[in-house]
Amino acid sequence: MKLLQKVKQFLSGYIARFFMKHPKIELFLLQVKQVLIAVDQLLNTLLGLIFVFTVGVISWADETVSAKAYRLRDSSKGWYRAMRVFNAIFFWQTDHCKTAFMSELKREHLPVVYRNL
């Protein structure tokens, strides 16, 4: 138990020093978020190969699975359940799927220059 506490203490100190030394960490974290969104969108598109035959729903390349689950929540129990699962996974966010859907509507995943076209 003491070893685990020492490891946590060391890591928290290391992480704090890392953030203080690197002023561009906010840009790095923004880029990490973009990568995670891209993976989510790729997963949605790949699952679309199955969805198109099983439930007759196309998967758009720029839509996340969470946004899709919210958009289709009233169309079937499966999508409603998926929405609830995603909301549980992202428990620290209030209504994750709705937030993802609204983000898609506002085009927040796009670079600023493309948002108001």
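The values are calculated or read from the model by the stated rules, or taken from the named source; none is laboratory data. Worth saying up front: this structure is predicted, and the values here are computed from it rather than measured. Glycine gets a Cβ as well: all are built from the backbone with ideal geometry, and neighbour counts include every protein chain shown.
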Looking at the structure I just gave you, is residue 83 surrounded by 13 or more Cβ atoms within 10 Å (Cβ to Cβ), closer than 19 Å to residue 57 by Cα and of a type in the set (A, V, I, L, M, F, W, C)? yes
List pairs: first residue in segment 60-89 and touching a residue at least 40 places away in the same chain (Cβ under 8 Å), second residue hydrophobic (A, V, I, L, M, F, W, C) anywhere in the structure, Cβ distance under 8 angstrom, at least six positions apart or on different chains. 64/37; 64/100
Residues of segment 41-75 satisfying the condition of being buried (at least 16 other Cβ atoms within 10 Å of the Cβ), of a type in the set (D, E, K, R) and more than 23 Å from residue 115 (Cβ to Cβ): 73
Residue that is modelled with the lowest pLDDT, among those in segment 47-67 that are over 16 Å from residue 104 (Cα atoms) and outside any helix (DSSP H, G or I): 55
Residue within segment 34-46 that is modelled with pLDDT of 90 or more, assigned to a helix (DSSP H, G or I) and among the charged types (D, E, K, R) present: yes
Can you find even one residue in segment 68-90 that is among the charged types (D, E, K, R), under 19 Å from residue 108 (Cα atoms), at pLDDT below 95 and assigned to a loop (DSSP other than H, G, I, E, B)? no
Picked from segment 90-104 (must be touching a residue at least 24 places away in the same chain (Cβ under 8 Å) and of a type in the set (Phe, Trp, Tyr)), the residue farthest from residue 64 (Cα to Cα) is 90
Options 5, 9, 31; residue that is at pLDDT below 95 and within 22 Å of residue 111 (Cβ to Cβ): 31
